[in-house]
Amino acid sequence: MANDLEFAGVVKRFGDFTAVRDLNLTIRAGEFFSFLGPSGCGKTTILRMVSGFIDPTEGDIRLGGKSLKGVGPNRRPTALIFQNLALFPLMTVAENIAFGLSVRGVPRADQAAVVRRMLDLIALPGLADRRIDELSGGQKQRVAIARALAVEPQVLLLDEPLSALDLKLRQHMRSELRAIQRRTGVTFIYITHDQGEALAMSDRVAVMSQGKMEQVGPSAAIYDHPMTAFVASFVGENNAIRGRVVDRRGDEAAVDTAFGRFTGRNPHGLHPGAEALIFVRPEKLKLNRDLPNRLTAKVTGRVFEGTSVDLHLDHPGGRPITVRLPNDDSLIDAAEGQALTAAFATDAATILPPGELARD
């Protein structure tokens, strides 16, 4: 499409430090796209390059097929919402929303019409004359979004804008942001280290680690079909069990581990003899089920999570295995030291080459 955003071999160095490594990616016009990763992985550097505050060391960034090289931040068809929102506390809501229009010399009558439209968009029609310091956290978030959208950007850049909100409000604002993006059709590029935010809102997610894009795809594909050990261990919770491939059949393989032999999906086609990590999500482990893969271990802990209960099982030489059980009538009362057998299906396990695991 005309307003796709393209990264072509983009590299960014700060002295001897490489913040972004060989980024090749196309973000489609009208897409809600998230860069997800831990602090220092390069995601904010990408945002700053798109907004024009810094330039790539190598490669090019193109919007609608046109290079953004030499185009200053004030002349790019982008808008940026900072983590701290950067609203003007002594101005009214209307004055904040109209600020970018005023700088561009838009007539007052036209500014007023845009402000009314933006207030309707963010569902705050009666707060035009309210001062920013009189608003709640969620209302401030909406005003920041309205101010950014008032200048009609082709791309809206959001740098962890929900990080300062409490959990309930963050969850509410996720759906608000997604709804606003769908109504406007503006390309949203969202930066976050919060997996829940990225998975819940995005059309696609790029997982970053040490300046490198590890994997990009729809939320479900990133969660259910990780392609690297880092993605498997960073996105959601996952049990990692080390072993060695002993057999390969089609798209599946068998791996010998400390718990015995397990079979799983083998997306990289690892051959017998290769070292491997087999990943199984806690919710995919089932008790008292007749499934191909079975492991028996003693309970070392129990954590109540409200809607679920996590049982931790002893894992010789590794982190405890987590089994996630729904908090319903089927919940068992497992005591510490009790031996349990957990089972999982072949297609619930992913076998990957060893690699960097995400830190807690």
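The values are calculated or read from the model by the stated rules, or taken from the named source; none is laboratory data. These numbers come from a predicted model, not from an experiment. Here the Cβ positions follow ideal geometry from the backbone for every residue, glycine too, while neighbour counts run over all protein chains shown. Note: accessible area is taken over every heavy atom of the protein model, side chains too, but ligands, DNA and RNA are not part of it. Shrake-Rupley method; radii C 1.70, N 1.55, O 1.52, S 1.80 Å.
Restricting R108, R131, R142, R147 to those that are assigned by TED's automatic domain parsing to the domain that holds I191, more than 30 Å from L63 (Cα to Cα) and touching a residue at least 24 places away in the same chain (Cβ under 8 Å) reduces the list to R131. Sort out which residues of segment 51-101 are small (G, A, S), outside any loop (DSSP other than H, G, I, E, B) and either over 17 Å from E152 (Cβ atoms) or open to solvent by 20 Å² or more (accessible area, probe 1.4 Å) (or both), and write them in order of number. Once the filter is applied, which keeps residues that are small (G, A, S), outside any loop (DSSP other than H, G, I, E, B) and either over 17 Å from E152 (Cβ atoms) or open to solvent by 20 Å² or more (accessible area, probe 1.4 Å) (or both), segment 51-101 yields G59, S67, A94. Flag: R62 does not match the condition of being without any contact (Cβ under 8 Å) to a residue 40 or more places away in the chain and touching a Leu at 6+ places or on another chain (Cβ under 8 Å). Taken over segment 268-294, the criterion of being touching a residue at least 24 places away in the same chain (Cβ under 8 Å), open to solvent by less than 60 Å² (accessible area, probe 1.4 Å), more than 15 Å from L313 (Cβ to Cβ) and not in a strand (DSSP E or B) is satisfied by L270, G273, A274, L291.
Restricted to segment 1-50, and to residues there that are hydroxyl-bearing (S, T, Y) and not in a helix (DSSP H, G or I), the residue that is nearest to the chain's Cα centre (by Cα) is S34. Each residue in segment 165-198 was checked for being β-branched (V, I, T), open to solvent by less than 10 Å² (accessible area, probe 1.4 Å) and within 23 Å of L119 (Cβ to Cβ), and 2 of them qualify. The residues in segment 3-19 that are of a type in the set (S, T, N, Q) and at pLDDT 95 or above can be counted, and the count is 1. Please specify each residue of segment 289-303 satisfying the condition of being over 12 Å from F344 (Cβ atoms) and of a type outside the set (S, T, Y). A297, K298, V299, G301, R302, V303 - these are the residues of segment 289-303 that are over 12 Å from F344 (Cβ atoms) and of a type outside the set (S, T, Y).
Note on segment 199-221: residues that are open to solvent by less than 20 Å² (accessible area, probe 1.4 Å) and touching a residue at least 60 places away in the same chain (Cβ under 8 Å) amount to 8. Answer with yes or no whether A339 is exposed (fewer than 12 other Cβ atoms within 10 Å of the Cβ) and in contact with a Lys or Arg (Cβ under 6 Å, 6 or more places away or on another chain). Answer is yes for this residue.
What do you reckon, is D133 over 30 Å from the mean Cα position of the chain (by Cα) and more than 23 Å from L162 (Cα to Cα)? Taking the combined requirement at face value, the residue does not satisfy it. For the condition β-branched (V, I, T) and assigned to a helix (DSSP H, G or I), V205 does not qualify. Looking only at residues of segment 150-164 that are closer than 22 Å to S136 by Cα and either open to solvent by 10 Å² or more (accessible area, probe 1.4 Å) or not in a helix (DSSP H, G or I) (or both), we find that the one that is modelled with the lowest pLDDT is A164.
Out of all the residues in segment 1-10, is one or more open to solvent by 70 Å² or more (accessible area, probe 1.4 Å), under 20 Å from G217 (Cα atoms) and without any contact (Cβ under 8 Å) to a residue 40 or more places away in the chain? Among the residues of segment 1-10, at least one is open to solvent by 70 Å² or more (accessible area, probe 1.4 Å), under 20 Å from G217 (Cα atoms) and without any contact (Cβ under 8 Å) to a residue 40 or more places away in the chain, which makes the answer yes.
In segment 33-47, the residues that are assigned by TED's automatic domain parsing to the domain that holds Q83 reach residues that are of a type in the set (S, T, N, Q) and open to solvent by 10 Å² or more (accessible area, probe 1.4 Å) with C-beta atoms within less than 7 angstrom, at least six apart or across chains, in these pairs: F33/S202; S34/S202; L36/Q195; C41/Q210. Within segment 102-126, restricting attention to residues that are touching an Asp or Glu at 6+ places or on another chain (Cβ under 9 Å) and assigned to a loop (DSSP other than H, G, I, E, B), the residue that is surrounded by the fewest Cβ atoms within 10 Å (Cβ to Cβ) is A123.
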